[in-house]
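Following: one structure in structure tokens, then a few remarks.
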Amino acid sequence: MGDGLRYIGVAERRARLALRHRLAPRARVATPEAVADALLALHGSDPATVYLAIGARLVDPAATVAETDRALYADRSLVRMHGMRHTVFVFPTESTAVVHASTGLAVAARERATLVKDMAKAGAPDAAWLKEVEESALAALARLGQATAAELAREEPRLREQFVYAAGKPYEGVHTVVTRLLRVLGVEGKVVRGRPLGSWTSSQFRWALAPEHAELPVVAAQSELLRHWLAACGPATEADLKWWTGWKVTDVRRALTAIGARAVTLDEGTGYVVEDDVDAVPSPGEPWAALLPGLDPTAMGWQGRDWYLAPELRPGLFDYSGNVGPTVWWNGRVVGSWAQRADGEIVWRILADGDGDEAGGGEAQAAIEAEAARLASWLGATRVTPRFRTPVEKELVR
């Protein structure tokens, strides 16, 4: 490209995605832990996304639910907690210290200050009172192991205290201390979401004390987070990195320098890879298809998505807040959407063709059909509706 940097084109970026995101059949893995380690973070805002994202990447998806439950709630080798951009993710437990220090501390300070300010405006008890209630609640959680907000409030009745939020504003409301405090404790890394009240698709969670972890220096933690993410998702641009981490651009640049990231040329400009990742990667082998859930970490992995998702497809595949819905993939790019109907049938629609790989051809159709059957086989009687509905997904279930 004339700048002396190695050029990484769209085909190679898609090959890297296929292998490193465990989507090509030859790259699939045996356990939820291996999936999480490969991707670093699984979006957890929609509980079903975690299981669907893992199932799509397992050699044998039949044990997806049992094995993911084991990892989350028995072995606790995976943990659901707040991370980048104040979003709930599932991480490998050994990554919690890095995530907390690199992305959580700044958010946590703002969240606590906001809660104290909101309570003060409403004439509610002060920060000292809140700290006392917090310590009591954490002690109760230690005794109980796991508890819902209501169960905690029975142990510590002061958690039921209510206060008016945004008095006089159109969005005025009544907040309960337990709800706001658990949110603060979550971003502070003191509590995490535990086992849900219902099935694996339920969004009603118990709470548990967070796994103990070392308190890392922020700068070192940012470097480690960036290194792990670039190993999974590189090459990526500064804009991608800033968006995914939620950091300031100065933090991104400092971390890139600290890990010795190598610059490469992409179609959209300069990108970065980890120091030893400049060489070309092998082909993923045979053509591949995948049915990924809404908020899947691959579909949501980069801010610049043109290399795997054509701009004209976005209106049908994203909701108004920018959350991606269920996607159909063919050879490293999004070609359509899928949904599950009330009777359990997995249906899909191809929205794109061409690009040299015939997304609407017989080979693609057969591969997508096989993936739909694979998904249906382990879902069984479970019915999954994405938390964030998108236009095409809504049409498909009619």
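Nothing in this text is a laboratory measurement; each read-out follows from the coordinates by a stated rule. Bear in mind that the values here come from a model prediction, so they are computed numbers and not experimental data. Neighbour counts are summed over all protein chains in view; Cβ atoms, including those assigned to glycine, are modelled from backbone coordinates with ideal geometry.
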Problem set entry | Total formal charge among the other residues, if their Cβ is under 13 angstrom from that of Leu144, Lys/Arg +1 and Asp/Glu -1 | +1
Problem set entry | Near-label residues of the stretch 323-346 by backbone N, under 20 Å of a point 7 Å along Cα→Cβ of Val59 | none
Exercise. How far is the Cα center of the stretch 80-114 from the Cα center of the stretch 42-79, in Å?
Worked result: 20 Å
Problem set entry | Relative counts (whole %) of C-alpha pair distances in the stretch 188-329, using bins that are 10 Å wide | 9, 29, 33, 24, 5
Problem set entry | Burial ranking of peptide ranges 241-252, 161-172, 374-385, 90-101 (average Cβ count within 10 Å, highest at the top) | 90-101, 241-252, 374-385, 161-172
Exercise. Angle between the Cα long axis of helix 249-258 and the longest principal axis of the chain, 0 to 90 degrees, nearest 10?
Worked result: 70 degrees
For this session: Please identify, among Ala106, Ala140, Ala214, the residue showing maximal mean-square fluctuation in a Gaussian network model of the chain using a 10 angstrom Cα cutoff.
Result: Ala214
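Pairs of alpha-carbon atoms within less than 8 angstrom and 6+ residues apart define the contacts here; what relative contact order does the stretch 94-209 have, in percent? If you can, show how the numbers build up before the last one.
Values: 133 pairs, mean separation 32.6, N = 116.
28 percent.
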Problem set entry | Estimated [θ] at 222 nm from DSSP helical runs (n ≥ 4, -39500 (n - 2.57)) normalised by residues in the chain, nearest 500 | -11500 deg cm²/dmol
For this session: Please find the FRET efficiency linking Glu212 to Thr382, where r is the Cβ-Cβ separation and R0 is fixed at 45 Å, and quote it to the nearest 0.05.
Result: 0.85
Seminar exercise, completed: Gyration tensor (Cα only) of the chain to equivalent ellipsoid, semi-axes in Å sorted down, yields 37, 26, 20
Problem set entry | the chain: angle of helix 127-144 to the longest principal axis, Cα-based, in degrees nearest 10 | 70 degrees
Problem set entry | Amide hydrogen neighbours beyond the local backbone of Arg206, cut-off 5 Å, H modeled | Gly194, Arg195, Leu197
Exercise. Given N residues in the stretch 1-60, what is Rg(Cα) / (2.2 N^0.38 Å)?
Worked result: 1.40
Exercise. Once you charge only the Cβ atoms, +1 for Lys and Arg and -1 for Asp and Glu, what is the size of the charge dipole of the chain about its Cα centre, to the nearest 20 debye?
Worked result: 1060 debye
Exercise. Simple spin-label model, 7 Å along Cα-to-Cβ: Ala106 to Ala128 in nm?
Worked result: 3.3 nm
Problem set entry | Distance between modelled label sites at Glu345 and Arg76, nm, 7 Å Cα→Cβ extension | 4.5 nm
For this session: Sum up the charges of everything whose Cβ sits under 14 Å from the Cβ of Glu156, counting Lys and Arg as +1 and Asp and Glu as -1, but leave Glu156 out.
Result: -1
For this session: Two decimals is fine: what is log10 I(q)/I(0) at q = 0.16, 0.19, 0.23 Å⁻¹ for the stretch 94-209, from a Debye sum with one equal scatterer on every Cα and no solvent?
Result: -0.81, -1.09, -1.34
Exercise. How much net charge surrounds Arg193 when only the other residues with a Cβ under 9 Å from the Cβ of Arg193 are counted, with Lys and Arg +1 and Asp and Glu -1?
Worked result: +3
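Quick one: Cα convex hull volume of the stretch 303-398, Å³ per residue?
Numbers: hull volume 9.7 nm³, N = 96.
Considering the Cα atoms of the stretch 303-398, their hull volume per residue is 101 Å³.
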Exercise. Helix 362-379 versus the longest principal axis of the chain: what angle, 0 to 90°, nearest 10, using Cα atoms?
Worked result: 30 degrees
Problem set entry | Inter-label distance, nm, simple model (7 Å from Cα along the C-beta direction), Thr270/Arg6 | 1.8 nm
